[in-house]
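Colleague: One structure follows; several queries about it will come next.
Bear in mind that the values in this text are calculations on the coordinates, not laboratory data. Since the model is a prediction, treat every value here as computed from it, not as a measurement. Every residue, glycine as well, gets a Cβ built from its backbone with ideal geometry; the counts of neighbours run over all protein chains shown.
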Amino acid sequence: MEYTNKSYFDIAKEKKEAGLYEEALEYYKKALEEDDENIEAYFSINLIKSYIEIEKNNQNNEKQNKHTKLFNIFNEFLDEK
């Protein structure tokens with residue numbers, strides 16, 4: 001995708017809206033390099049970092065749930081013996 005007439009900030013917003021948080025984070029950082037007083041970019045960077053952390057926690061919870069289910073199945077199997 002070509003971004004000739006858009007600012008890094010605009011690209012970052014599009015990436016965030018598309019759920020591409022890692023990419024959005026990089027563009028927000030580039031936007032800050034162009035304008036280090038861009039308060040909205042600072043805010044957005046912290047917000048995106050929170051989104052990324054939440055996603056990681058959700059993935060870890062899903063893995064934990066799968067492990068718990070497998071553990072329970074194994075225990076049921078052992079109890080039947």
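Colleague: Before rounding to the nearest 500, sum -39500 (n - 2.57) across all DSSP H runs of length at least 4 in the chain and divide by the residue total; then give [θ] at 222 nm in deg cm²/dmol. Intermediate values should be presented prior to the final figure.
Modeller: Values: 3 runs with 66 residues, N = 81.
Per the formula, -28500 deg cm²/dmol.
Colleague: Okay, next question. Sorting Asp35, Asp79 on the 10 Å Cβ count, fewest up front, what's the list?
Modeller: Details: Asp35 13, Asp79 7.
By the 10 Å Cβ count, ascending, the order reads Asp79, Asp35.
Colleague: Can you put Ile54, Ile48 in order of Cβ neighbours within 10 angstrom, beginning with the fewest?
Modeller: Values: Ile54 11, Ile48 23.
So the ranking, lowest neighbour count to highest, is Ile54, Ile48.
Colleague: On to the next question. For segment 8-80, list log₁₀ I(q)/I(0) at each q in 0.15 Å⁻¹, using the Debye formula over Cα point scatterers of equal strength and ignoring solvent, two decimals each.
Modeller: For the requested q values the scattering log ratios are -0.57.
Colleague: Relative contact order for the chain using alpha-carbon pairs under 8 Å, separation at least 6, rounded to a whole percent? Mind showing how you got there, number by number?
Modeller: Numbers: 47 pairs, mean separation 16.9, N = 81.
After rounding, I find 21 percent.
Colleague: Quick one: order Ser50, Ser44, Ser7 by neighbouring beta-carbon count within 10 Å, fewest to most.
Modeller: Numbers: Ser50 11, Ser44 21, Ser7 15.
The most exposed by this proxy come first: Ser50, Ser7, Ser44.
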